[in-house]
Every structure is written in C-alpha cells, then in structure tokens.
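**Student:** Just dropping this structure here.
The values are calculated or read from the model by the stated rules, or taken from the named source; none is laboratory data. Every value quoted in this text rests on a predicted model; they were computed, and no experiment measured them. Here Cβ is always computed from backbone atoms with ideal geometry, including for glycine, and neighbour counts include all displayed protein chains.
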Amino acid sequence: MSTKPTEAMNNKAIKYGIGVVALALVGYNSIYIQPLDQKLAENQQTVFNAKAYVDGIWNQDLAKAYQDCSDISQLIDSFNQDVNSTFEKNSHALGIGNIGYFRVKGEGIVSAVNENNVLLQVGSSRIEIETEFIFGNALRDASGLVKINDYEDTADFNSISEAMNDRIRQEVIPSFRSKVKEGDSVKFEGAIELNKVHLNLDQLEVIPFTLQISS
Amino acid sequence: MISLKKNFNIAQFQSLIALFVLCLALALLTDNFMSTDNFWNVMRQISVNVCISVGMTLVVLTAGIDLSVGSILAFCGAVTAGLLKNGLSIPSLNLFIGFTVLGAIVAGFLIGGGLGFVNGYAVTKFKVPPFVATLAMLTMARGFTMLWTKGHPITGLGGSFGFLGTGWFLGIPMPVWISGLVVITAVILTSKTRFGRYIYAIGGNENASRLSGIPINKVKIWVYSIAGLLAAVGGVLVTARLDSAQPNAGISYELDAIAAVVIGGTSLSGGRGTIWGTVLGAIIIGVLNNGLILMNVSPFWQQVIKGMVILLAVIIDKSNQKSE
C-alpha cells in the first residue's frame, strides 16, 4: 500500500528529469552568445561588399564583355528573321522564362535629348538611351559574368546590380548629359531586356555601359 | 441488406470519391497532370495547407474558428528568419545572441504557440467569440510581422534551413515528411487520447461536457495553442521553401485551411469530423489549384471555381446531417 505513492512520485521525477534534460539539450544547441562588438567586427569581415566586387571587375572582365557584344542593327535584323534562335544565341537569362538580356553596341545620331533619356537614330531604328532611370538587372545579367548559384544570399546577388547601376549613374551619365545635344553622333555599349513572347523592337531601351560623343 | 447499409455510409467516402473524379478528369484534360514531377509538386504545395488545416480542424471540432493562422504563419516565419539571419543584439549589455537553425525554429514555434494561447485565453476567459478574437489576432500578427521585418523580406537563410523546404529525404520532399508527421500526431491525438475525446465532446455539446467534468477552458486553450503552433510549422516551411520570409506571406491562407476542413467533412458547428478528412480536403484544393493552372484557367475564374466547390461541400454536408 505504501509503495504506490512512492512509485508514482519516482515516475513523476523521472518524467520531469527527462524533460529538463531534453530542454537543456535543445537550449544548448539553440543559441550562442558572444560580445556584440566582436560580432560586429566579424560581420564587417564577412559581409559581401558589392561595390568592391563591381570595382574589381569593371575595367577588366565587364569592359571586355561589353566590348564583345552584338551590333544593335544586326540584332534587330536577326530578330526579324528568327526570334527563337536570336534569343538562344545572344541572350543571357537567370533561369527559365521569356525574359532575355542582351549586350548591344551601336552608333547613332541624337534626335532628341529628353528629361529621362536620349533618343538616337541608328540606321532605320530609333534607340532610347536611358539616362535617368538606371534600374534593374540588365547590366549584370546581360554581362553573363555573375551567376546566381555562386551566391548563398540573393540579397548579395541583387546588390551587384545596385552597385553597377550606381556606378553608371555616377560616372557615365553626368558627363554625357552635360555635353550631349541634338545632332551629335554617339557611340554606345549597353544592355537591353526583351520579352520573347511580347517582343517589341520599336525604340529599344538601352541601359548604357559606355557612352561616347563624337560631334 | 440493412447491415450493409449500416456499415457502408457513402457520406464517409464523399471526399475520396470527389478526389478520384477530379484526378480522373484532370488526367484526361491535361497532358502533365499524371507526371511524377507534378505529383510531388502538388504534394509540396499542399504541405503548408495540411499543417495549418490540421490545427484548424481541432479548433473547428470544438465549434470554434481561427482566422489568424495566415498572419501567425507570416510572423513566425519572419521571426525564425530574422533570428537565424541577424540574431538578437543587446547593445546596452554589449551582448549578441545568435540562433542556430534549431534555435530559430524553436523560437518561431514558441511564438506561434504563444499567439494561439492568447487566442484561446481570449475565447475562454473573456468569452470573446472565436471569430472576433482570432480576427483581432489576424491584424495584430500581421502588424507584428511588418514591425519585425520593417516591410522588407528577410532573405539568405542558408542551405541547412532551406533543406526543410526544398530538400528530399528517401525520395520524398521534406515538407511532405513534416506535414505527414503533423498529420499522424494529430490523428493519434484525436483518436487515441483522452484529450482528443474531450475535443469532440466539447464540440458536440459544450454544456453536457462541462457537466461531465471536462476542463473546457483548458482544452480550448490547448487547441488554439496547437493551431498557432501548427501555423508556425507552416511558416517555417514557407520560409524555408522560398529562402525568404515575406511580410505578406500567408495572406488568405486561413480561408484555404477552412475550405480544406469543410471539404473534408468537418462540421462547422463542431463535434464531427476527422483529420484524414481534412487531409483529403487539402489534397482536393491542391489538386484543383494545380489542375486549373495546368488548364490555363484565368486566376479570376480559379477563385470563382474554388468558392463554388466550398459552397457545394457545405451543401452536401448539410444534407448529410439532415439525412442522419
């Protein structure tokens, strides 16, 4: 008679004991503690620096990639003949889908200098050089140099586009905008984004990589 | 003949028959529906809904409802992602608390269970109708999510965490393993334990249950806590699958969960229904979504069709109750 309550108490003690050990194990494997200043110093060393990365490839790999690109008039002719094969041969893309990015170059006469862009007449085609809204991933993805799988953090991958666009905004656009006028001849290298299914070749929009005025 | 009629009640198999007919129709109408890839794709997609629907089933069995599961899912996913990525900094103590994958997940689960507990407490202690209490939690948890994430996604959570959402184990996707574990645990809980019998009893007749000595408030608080915990499981799965916690994740997930519960034959007035029925309901919704996409049906029409299926399920359920 007297052993039953003792047994029950023992069982309870064993249950609680197992529970506490399990909790302690989970807790021990759940968190780690370190001084905040030490952590911040570590972060500074490990955080991906997109600007430094872009600076590193700008004059070598990226410049080389953009020198080796399609003439925009030839590209348009190629689209008019066979859209699919032109996409296959010339475009870069992150994955499956209808969007493709192309590196292009060309030379044309400035037909209008607008607030947000400069219009060029290149042969029979009208091209829009973006000078205000330098956004998106066209420069990065058209280059074909940066692969998403190389980056564990997609935010790092996206920051490369931001750094490239920043550099264009700061180094390429201001000097071009201050000098360009109607009638100038302009050489350009840059990137365009096209949708295979909704292909629109009227006034292609180029995100510039280099711009050169030869009056 | 009488005993055959007694033993074979077609109403018990309605969901299964509906699923079979749906699969047959989609196999005939589309090219890719019966492929292995598509099968696992559907299973992965429904895993999250299965988790939150199981929690919803427990709540509905007690004649309640939980509208907050979508927002709790988003908040717990965001908390898990935030702790894993950034840890907790306490500048005044010069202290940094880092979280391992296990730690971040446990924290997310605790938050989910905690918010569910608040729902249960409001429903039982303050007698707030479940619809109102969980509606309030829906907006609060969404607000907490926005505050925690500052409106931006939290990305880059690492491969070992992502494995939970995108990995495979023994040829089966991890989300399917996890949702399977949730289902089996819930089936045992509802059919083999005293707690499960209490849930059915409370939903069947709350007054009679009270008079029988069932601790109604305690059971209900547990039920809402479990629903919150399972919403957190869903949040971890969504976040791991996307490698990102989105502030607007889980919007209207509660409706899909309620739909799965209703299609699965659980009575909204409580006391009647099964976890397996809910799983079938979730599969029907997942297959329906998948089939409509494969058939290139406009997303606007998809909403209409889903609504009609839910309405039809409730009408059939009501007519079954009458005939019983």
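Yes or no, residue by residue, for (1) at the interface with another protein chain (Cβ under 10 Å from one of its Cβ atoms); (2) within 23 Å of the chain's Cα centre (by Cα); (3) in a helix (DSSP H, G or I):
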residue: A:T6; (1), (2), (3): no, no, yes
residue: A:N10; (1), (2), (3): no, no, yes
residue: A:G17; (1), (2), (3): no, no, yes
residue: A:V26; (1), (2), (3): yes, no, yes
residue: A:I33; (1), (2), (3): yes, no, no
residue: A:Q38; (1), (2), (3): yes, no, yes
residue: A:Q44; (1), (2), (3): no, yes, yes
residue: A:G56; (1), (2), (3): no, yes, yes
residue: A:L62; (1), (2), (3): no, yes, yes
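**Student:** Read through the list (1) part of a helix (DSSP H, G or I); (2) in contact (Cβ under 8 Å) with a residue 40 or more places away in the chain; (3) away from every other protein chain (no Cβ under 14 Å), then give the number of the only condition that B:V132 fails.
**Tutor:** That leaves (2) as the condition not met.
**Student:** Could you list, in sequence order, all residues of region A:116-140 that are exposed (fewer than 15 other Cβ atoms within 10 Å of the Cβ) and either assigned to a strand (DSSP E or B) or outside the structural domain of A:G56 (by TED's automatic domain parsing) (or both)?
**Tutor:** Matches in region A:116-140: A:Q121 only.
**Student:** Of the residues A:S178, A:S159, which is under 14 Å from the mean Cα position of the chain (by Cα) and hydroxyl-bearing (S, T, Y)?
**Tutor:** Values: A:S178 fails: under 14 Å from the mean Cα position of the chain (by Cα).
Answer to the selection: A:S159.
**Student:** Let me ask something else. Would you be able to tell me the number of residues in region A:64-78 that are surrounded by 17 or more Cβ atoms within 10 Å (Cβ to Cβ) and part of a helix (DSSP H, G or I)? Walk me through how you get there before you give the answer.
**Tutor:** Restricting attention to region A:64-78, the residues satisfying the condition of being surrounded by 17 or more Cβ atoms within 10 Å (Cβ to Cβ) are A:65-66, A:69-70, A:72-73, A:75-76, A:78.
Filter once more, so that each one left must be part of a helix (DSSP H, G or I): A:65-66, A:72-73, A:75-76, A:78.
Adding up the residues that qualify gives 7.
**Student:** So, one more: May I ask you to verify whether A:G97 is closer than 20 Å to A:Q60 by Cα, modelled with pLDDT under 90 and small (G, A, S)?
**Tutor:** Criteria not met by A:G97.
**Student:** Checking B:T139 against (1) buried (at least 20 other Cβ atoms within 10 Å of the Cβ); (2) in contact (Cβ under 8 Å) with a residue 40 or more places away in the chain, which test does it fail?
**Tutor:** Failed condition: (1).
**Student:** Any residue in region A:141-151 that is free of Cβ contacts under 8 Å to residues at least 40 places away in the same chain, crowded, with 16+ Cβ neighbours inside 10 Å and away from chain B (no Cβ under 14 Å)?
**Tutor:** yes
Okay, residues lined up against (1) away from chain B (no Cβ under 14 Å); (2) surrounded by fewer than 16 Cβ atoms within 10 Å (Cβ to Cβ); (3) part of a helix (DSSP H, G or I); (4) touching a helix residue (DSSP H, G or I) at 6+ places or on another chain (Cβ under 7 Å):
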position	(1), (2), (3), (4)
A:S159	no, no, yes, yes
A:F176	yes, no, yes, no
A:F188	yes, no, no, no
A:E193	yes, no, no, yes
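**Student:** Could I ask something else about it? Can you tell me which of (1) surrounded by fewer than 17 Cβ atoms within 10 Å (Cβ to Cβ); (2) assigned to a strand (DSSP E or B) is the one B:S92 doesn't meet?
**Tutor:** (2)
**Student:** Please return the ranges of helices (runs of 4 or more DSSP H) entirely within region B:162-259 where 2 or more residues are away from chain A (no Cβ under 14 Å) and among the basic types (K, R). Before you say what the answer is, go through the steps one by one.
**Tutor:** Values: elements: B:174-192, B:194-204, B:206-211, B:216-242.
Passing ranges, in order: B:194-204, B:216-242.
Quick grid of which residues meet (1) at pLDDT 90 or above; (2) within 19 Å of A:I168 (Cβ to Cβ):
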| site | (1), (2) |
| --- | --- |
| A:N29 | no, no |
| A:N49 | no, yes |
| A:V54 | yes, yes |
| A:Y66 | no, yes |
| A:C69 | no, yes |
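**Student:** Sticking with this one: Restricting region B:102-129 to residues that are among the small types (G, A, S) and within 14 Å of chain A (Cβ to nearest Cβ), which is nearest to B:G70 (Cα to Cα)?
**Tutor:** Looking only at region B:102-129, we keep the residues that are among the small types (G, A, S), and these are B:103-104, B:107-108, B:112-114, B:116, B:120, B:122.
Retained after the next criterion (residues that are within 14 Å of chain A (Cβ to nearest Cβ)): B:103-104, B:107-108.
Working: B:G103: 22, B:A104: 19, B:A107: 18, B:G108: 14 Å.
Filtering region B:102-129 for residues that are among the small types (G, A, S) and within 14 Å of chain A (Cβ to nearest Cβ), the one nearest to B:G70 (Cα to Cα) comes out as B:G108.
**Student:** Suppose the filter is in contact with a Pro (Cβ under 8 Å, 6 or more places away or on another chain) and among the hydrophobic types (A, V, I, L, M, F, W, C); does A:L36 pass it? Break it down into steps so the answer makes sense when it comes.
**Tutor:** Working: in contact with a Pro (Cβ under 8 Å, 6 or more places away or on another chain): yes; among the hydrophobic types (A, V, I, L, M, F, W, C): yes.
Yes.
**Student:** Which of the residues belonging to region B:52-82 are within 14 Å of chain A (Cβ to nearest Cβ) and surrounded by 24 or more Cβ atoms within 10 Å (Cβ to Cβ)?
**Tutor:** Selection gives B:V79, B:T80, B:A81.
**Student:** Return yes when B:M43 is touching a residue at least 12 places away in the same chain (Cβ under 8 Å) and under 24 Å from B:K218 (Cα atoms) and no when it is not.
**Tutor:** Numbers: touching a residue at least 12 places away in the same chain (Cβ under 8 Å): yes; under 24 Å from B:K218 (Cα atoms): no.
Here the answer is no, as B:M43 does not meet what is asked.
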